[in-house]
Structures are given as structure tokens and as C-alpha cells.
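Data first, discussion second: the structure below is written as C-alpha cells.
Nothing in this text is a laboratory measurement; each read-out follows from the coordinates by a stated rule. If you're wondering where the values come from, they're calculated on a predicted model, not measured in any experiment. Here Cβ is always computed from backbone atoms with ideal geometry, including for glycine, and neighbour counts include all displayed protein chains.
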Amino acid sequence: MNSNPLSTKPHYPILDGLRGVAALMVVAFHIFEAHATSYLDQTINHGYLAVDFFFLLSGFVIGYAYDDRWNKLTPSEFFKRRLVRLQPMVVIGMVIGAIGFYFQQSTLWPMISHVPIWKMLAIMLIGFTLLPITTAMDIRGWNEMHPLNGPGWSLLFEYIANVLYAVFIRKFSNKALSILVFCAGCLLIHLTITSPAGDVVGGWTLDATHLHIGFARVMYPFFAGLLLCRTVKLRQVKNAFLWCSLLVIAILAMPRIGGSERLWMNGLYESFVIIFIFPLIVYLGASGDAKSKYPTRLGKFLGDISFPIYITHYPVIYIYTGWVYDHKYSMQQVYPYAILVFISSIAIAYACLKLYDEPVRRWLQKRVLVKGI
């Protein structure tokens, strides 16, 4: 029996696996994105919704892990635990981005060739903290908060949601939390139907427009996940991993809805998915039978690489995207290289997990967290 009241609770292995499925879809989405001429003809068109799915999963898991332990846990200890869990991979993601930066030079990013090494290294050090940079400090040309590793923006918003939870929202009653989630859902719907592109894409630039998008994207799913964890009664669902995986793949691969003339239709689709379908998937996944060897083994591998692959794959995507852009290659012309990028992203993530992330987190847990945690 473990006498430590703050020891880690058992995971939901199916939810871990679903996070991995979504992360692999993100990699595929970014590979195909290099060949798209616009958001209308993008293959795996809604792959970016995986970020919103991650937010909802995080809210659910945070509620499960911490909601009943605040009488034994301080906010500062909570923040330490979250930093130990996430920050090592943030650092290695920025290092990989720095290593690959000058290999990404192309006509798509002409300013790369003019960036001095000292400035790139300064951006890397800032990136270690996940603090956003201004557009005036951009070294790529895409006005990213984290130009060495673009997906860092979503981790920043997740940290913000974690802070809001630990300082304020953990104290909300279910009624107050429901009101917050309802208002956040209205904000999300307004964003999607009024967006110039009819979608939720954005959040990675430090300006008013992208901050609006980023907060709209994180507030509903994260706190809806928390509310879901607090209120639902789980039931036994057979083959949950298989059916939920197929749902995630189908939702993210869905072609653009409404075309260029009815952009609001695509916005409504995305709102519906985030507000209703993603919570349903998380509910079914949490209700699934985790004793079966098939979902447990596969789910563990996918869950293990889910965060590493998300936070390390984009520097490779930068190289691939610049190369495709310079030569105007179609997917049919270079699909073996696209497959190589996909496999390499998995391999890099797994290597980072085993050779760096897990050892560093074990070391930090012994020295930073409460003894025994």
C-alpha cells in the first residue's frame, strides 16, 4: 500500500492512446499541408483540431489527477509537477529546432539566411521558458511566438489554463464551472462563424487576433474536460479504443465543409466537434475496458510518444515544407520522402523520450518534487 497521498494515480490508458492517435494525425496533417495550395484543398483538412482535442483531454486528466487532492497540495507544488512533466520536452524541442534552423532556409523563409547565430541562440533560450516573442523578434517570417518550434504556442496556452485552474477555477462549484464552460462555448462558436476562414486556426502570434483565437480555443475544451471529469458517471464500453480512434481519425480527416462560399458551415462543424463530439470521445475512452492487451499495449506506446512527437516533429516539417515549396513537388512525386518524414518524426520522438525525457523527469522528481511523489 502506498502511504503517500500525492502519489501518481493510475492513468486512463485508452485516453493516453487516443492522444497518440491524434498526435500522429497532426504529423500527417503537417506533411500534407506542405503540398496544399489553400485551406480548401488541404488533405486531412481538420488535423489542427487535434490541438483542441489535446486541450479537452488535458482538462479531463488534470481534474482526475488533482481535483480531490487540494487539501494536501499547494498551487506551487502543482506548478512544479506540471513543469517537471512538460518542460523537459519543451527544452529539447527548442534544441532540435535550433539544430535544424539553418537547414530550413528556402524561398519560403528567405530571412533565415540573414539571422546571426547569436540571435537564433537567444531565441532558443527564450524558447526554453516558453515565453512568447514579439513579431519584431521573429527570425523566420511567419510571426510565430516560438519560431524555432511553432507548436510551442499551444503549450503556452495550456500552461495558462493550468494556472487559471490552480489559482481560481479549482474552487468553482460545478454550477459555476458549467456557467464558465457555457460562456466559453459561446465564445468558441462566435469565433468559428465569424472567422475570415471559417475555422479555429490560429493562436501562434503575439497579437490581439491570435490571442483571441488562442484563448477561445483553450477555454472551452480545457474546462469542459474538467467539468466532464467532475460530473460524468463512467460505464463499461467494449472496444472503446478502436471506435474512439476511428472517430478521431474521421473527424480530423474530414474534408472542408461548405467550400469558399459558405465558410460559416465549416465553422459550425468545428464548433460541433469541439463542443459535443470530443467530450463524447473522451467519455467513451475513459469508459473503455483497459484490461484488454490490444488497447493497453498499443495505447501505452502511442501515449508514451504522444507529447514527444507533438513537440519535436515540427522542425523536421519546416525542412520538408521549405524543400517542397522550392521545388513545387506534388505528394505523388515525393511520397517516399513524406513517409520518411513521418517515420523519422516517430523515431526522433521515441529517442527523445527514452534517452532524455524519462531520465530527466526521474531526476527532477527526486530533487524538485515533494519527497516520494
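May I ask for the net charge around residue 46, where only other residues with Cβ less than 14 Å from the Cβ of residue 46 are counted and Lys, Arg are +1 while Asp, Glu are -1?
That sum, taken over residues with Cβ under 14 Å, equals -3.
How high is the FRET efficiency from residue 331 to residue 9, r the C-beta distance, R0 51 Å, rounded to 0.05?
That pair, residue 331 with residue 9, gives E of 0.75.
Put a dot 7 Å past each Cα toward the Cβ at residue 179 and residue 340; how far apart are the dots in nm?
5.8
Tell me, what is a quarter of the convex hull surface for the C-alpha atoms of the range 172-313, in nm² with one decimal?
Average of the hull's projected areas for the range 172-313 equals 10.2 nm².
Please work out how much length the chain gains when fully extended from residue 253 to residue 67, using 0.36 nm per residue of separation minus the C-alpha to C-alpha distance, in nm with one decimal.
Result for the pair: 63.6 nm of gain on full extension.
Give the lysines whose C-alpha is closer than 17 Å to that of residue 300, dropping any in the same chain fewer than 8 places away, or say none.
9, 291, 354
Starting from the Cα of residue 238, draw a straight line to each of the aspartates and glutamates and keep only those under 15 Å, dropping any in the same chain fewer than 8 residues away.
Within reach: 289.
Just one of (i) 59, 46, 43; (ii) 60, 47, 38; (iii) 60, 49, 43 is Cα extents along the principal axes in Å as worked out from the coordinates here. Which one is it?
Comparing each candidate, only (iii) matches the computed number.
Distance in nm between label sites at residue 164 and residue 231, each 7 Å beyond Cα in the beta-carbon direction?
Once both label points are built, they end up 1.7 nm from each other.
Given a Förster distance of 41 Å, report the FRET efficiency between residue 102 and residue 369 from their Cβ-Cβ distance, rounded to the nearest 0.05.
That gives a FRET efficiency of 0.60.
Sequence gap at least 6, Cα distance under 8 Å: using those rules, report the relative contact order of the chain to the nearest whole percent.
Once normalised by length, the contact order is 34 percent.
Extension gain residue 197-residue 265, at 0.36 nm per residue separation less the Cα-Cα distance, in nm?
23.4 nm
Give the longest segment of the chain that steers clear of trypsin sites (Lys or Arg not before Pro) in DSSP loops with at most 11 neighbouring Cβ atoms within 10 Å, not counting the sites themselves.
It works out to 73-232.
Once you keep just the Cα pairs under 8 angstrom separated by 6 or more residues, what percentage relative contact order results for the range 298-360?
Result for the range 298-360 is 56 percent.
Counting Lys +1, Arg +1, Asp -1, Glu -1, what net charge surrounds residue 16 among other residues with beta carbon under 11 Å of its beta carbon?
Net charge in that neighbourhood comes out at +1.
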